Amino acid sequence: MAVRGRHRRYQPNRINRASLTVTAGGAGMALPLIATGVAHAADVDTWNKVAACESGDNWSINTGNGYYGGLQFNQSTWEAYGGKVYAHRADQATKDQQIAIAEKVLKGQGPGAWPVCSVRAGLTRGGGAPAVDPSGGSPRTATAGTSPQAVKRSVRDVKPQTTPQSHAGTAEMYTVVHGDTLSGIAGSRHVEGGWQRLYDANRATVGSDPDLILPGQRLDLHGRAQTPAPARSAPAKESAADKRTADRSTPHKAAPHKAAPDRSTKRHTLVAPVNAATGTQYHAAGASWSKGYHTGVDFPVPTGTSVKAVAAGHVVSAGWGGSFGYQVVIRHADGRYTQYGHLSAISVKDGQSVGEGQRIGRSGSTGNSTGPHLHFEVRTGPGFGTDVDPLAYLRAGGVRI
């Protein structure tokens, strides 16, 4: 049974702060909080200790939890650092091949990529180079459509998070990736007229909210503004006599504009931030909270549990939040803000668009907390003190809790 975490007086310490790991663009592996040293290597013995901690030294493990192999690579990180040169997934690669990719992750992200096991194994960036031979084949490394020659290629020059548009030059089209904003794209691609021109040229793709762009969308960088086509209405059936009578008796009037739909009454579908029962309830009274009551609802879950965005939105804050520890705050299309506190890992960054149900981090016990849990709030504004009943909000969106 999961421990029901409760708040306590905030006492920051190095262990608390260092327990966070951050992921870039949903890559799934942790980024270091503090980079130290200039070397980026570790010997095989150290990697064996990391694997023993992460997977029980099972280099071909696949438990279905989204992490693969002895060093527990997330699939997107395995691909970003060139792992597919060896095998489709880490659990299908040899030990030496997994270590070769781990060396690249260590160089790019530091030992914080393995937040717990790096400490236990003594993994640092300053170790000796491992004596491994990733070119060695294995029956598990071959995948459909992959030749042995392709598997043995060097990954020396593979760069993490390389996307086709990174070398597109003056390309007319751009594919949105995690973390993009229209203003950022317009600035980096020198779009004449800025993000407004970019939005006008891609309204049909982006939709009504320019803040909500999604990975995979294709944007025309230099297109003309798109004018929405007028809605077609079915012609009314009337006789010629009726029409003549109406023309004689009724003066011409301009057609009235249709009233915009009321967003406050529009039904919306939400998802639960974690799959768990609730703990400390909203408005629970006590001296542990600065407002004299609990401003959110707690979900007691083990550290490392995936935390999901309850709806699509725009990240307005991702980082340290004082007594809330590491947190994420998201603004949604209905004007509400949701907050996810005490995280041990963050998978998004400020300004990023997220989709409903997208993992935004992992639960933990950072900040003012006495045990692992997720603190979830719903607010009318981005800051503390604007809280509303979070369970009522979720239930109105169809979540059964």
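Quick check on segment 157-174. Is at least one of its residues modelled with pLDDT of 75 or more and open to solvent by less than 30 Å² (accessible area, probe 1.4 Å)?
Yes, the conditions are met somewhere in segment 157-174.
Here is a yes/no grid of residues against (1) more than 15 Å from the chain's Cα centre (by Cα); (2) under 29 Å from residue 177 (Cα atoms); (3) part of a loop (DSSP other than H, G, I, E, B):
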site: 367; (1), (2), (3): yes, no, yes
site: 371; (1), (2), (3): yes, no, yes
site: 374; (1), (2), (3): yes, yes, no
site: 383; (1), (2), (3): yes, yes, yes
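Take the residues of segment 66-77 that are open to solvent by 10 Å² or more (accessible area, probe 1.4 Å) and within 17 Å of the chain's Cα centre (by Cα): which is modelled with the highest pLDDT?
Of everything passing the filter in segment 66-77, 75 is modelled with the highest pLDDT.
If you scan segment 300-311, which residues turn out to be assigned to a loop (DSSP other than H, G, I, E, B) and buried (at least 20 other Cβ atoms within 10 Å of the Cβ)?
The answer is 300, 301, 303, 305, 309, 310, 311.
Picking from 80, 90, which residue would you name as being closer than 17 Å to residue 52 by Cα, buried (at least 24 other Cβ atoms within 10 Å of the Cβ) and within 22 Å of the chain's Cα centre (by Cα)?
So the residue among 80, 90 that is closer than 17 Å to residue 52 by Cα, buried (at least 24 other Cβ atoms within 10 Å of the Cβ) and within 22 Å of the chain's Cα centre (by Cα) is 90.
Tell me yes or no: at least one residue of segment 346-356 is open to solvent by less than 10 Å² (accessible area, probe 1.4 Å), under 15 Å from residue 378 (Cα atoms) and either hydrophobic (A, V, I, L, M, F, W, C) or at pLDDT below 90 (or both).
no
Against the conditions (1) at pLDDT 75 or above; (2) within 25 Å of residue 352 (Cβ to Cβ); (3) assigned to a helix (DSSP H, G or I), where does residue 119 fall short? Just the number, please.
Evaluating residue 119 over (1) at pLDDT 75 or above; (2) within 25 Å of residue 352 (Cβ to Cβ); (3) assigned to a helix (DSSP H, G or I) leaves (2) as the failure.
Filter segment 94-118 down to the residues that are among the aliphatic types (A, V, I, L, M), over 16 Å from residue 44 (Cα atoms) and out of contact with any strand residue (DSSP E or B) (no Cβ under 8 Å at 6 or more places or on another chain) and list them by number.
Once the filter is applied, which keeps residues that are among the aliphatic types (A, V, I, L, M), over 16 Å from residue 44 (Cα atoms) and out of contact with any strand residue (DSSP E or B) (no Cβ under 8 Å at 6 or more places or on another chain), segment 94-118 yields only 116.
From the set of residues in segment 96-125 that are of a type in the set (Lys, Arg) and farther than 15 Å from residue 53 by Cα, which is surrounded by the fewest Cβ atoms within 10 Å (Cβ to Cβ)?
Ranking the candidates gives 107 first.
So if I check each of 321, 351, which one is without any contact (Cβ under 8 Å) to a residue 60 or more places away in the chain and either of a type in the set (S, T, N, Q) or out of contact with any helix residue (DSSP H, G or I) (no Cβ under 6 Å at 6 or more places or on another chain) (or both)?
Checking each option against the conditions leaves just 321.
Taking the criterion of being in a helix (DSSP H, G or I) and of a type in the set (Val, Ile, Thr), would at least one residue in segment 86-102 satisfy it?
Yes, segment 86-102 contains at least one residue that is in a helix (DSSP H, G or I) and of a type in the set (Val, Ile, Thr).
Looking only at segment 280-299, count how many residues are open to solvent by 20 Å² or more (accessible area, probe 1.4 Å), part of a loop (DSSP other than H, G, I, E, B) and on the phi < 0 side of the Ramachandran plot.
Adding up the residues that qualify gives 9.
Looking only at segment 358-385, count every residue that is closer than 23 Å to residue 399 by Cβ and open to solvent by 30 Å² or more (accessible area, probe 1.4 Å) and tell me the total.
Total meeting the criteria: 6.
The values are calculated or read from the model by the stated rules, or taken from the named source; none is laboratory data. In this text the structure is predicted, and so the values were computed from the model without any measurement. Every residue, glycine as well, gets a Cβ built from its backbone with ideal geometry; the counts of neighbours run over all protein chains shown. All accessible areas refer to the heavy atoms of the entire protein, side chains included, with ligands and DNA or RNA removed. Shrake-Rupley method; radii C 1.70, N 1.55, O 1.52, S 1.80 Å.
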